[in-house]
1. The chain: D in µm²/s via Stokes-Einstein (Kirkwood Rh, Cα pairs, 25 °C, 0.890 mPa s)?
2. For Thr4, enumerate residues with amide H under 5 Å from its amide H, sequence gap 5+ or separate chain, H modeled in the peptide plane.
3. Only helical DSSP H runs with n ≥ 4 go in: add -39500 (n - 2.57) per run for the chain, normalise by residue count and round the 222 nm mean residue ellipticity to 500 deg cm²/dmol.
Amino acid sequence: MAMTVNGVSTTTELGTEQYEETEICGHRCVQYDYRHTNGRLFSCMKRTLEMCRVARDEWVSKQK
C-alpha cells in the first residue's frame, strides 16, 4: 500500500506507523508516518528509520 494517495497519508489506524525508503538528490532516506492514538498524524523524513522513531517519540512525549 502506498503511504500517500493524492498527497494524503494512508496511515489511518490509530497507533500505527508506515515508512518507506526513498532517494532524494542522491541520498537515501526514510519517509515516515505515525498515527497517534489521539488521531494526530506525525510525519517526517530522516536518514534512518531509527532517527524517525526517535523524532516520533519526542513528538509523542509532547502530546496531551
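1. After rounding, the answer is 202 µm²/s.
2. Thr10
3. Rounded to the nearest 500, it is -6500 deg cm²/dmol.
Laboratory data are not the source of any read-out in this text; all were calculated from the coordinates shown. These numbers were taken from a predicted model, which means no experiment stands behind them.
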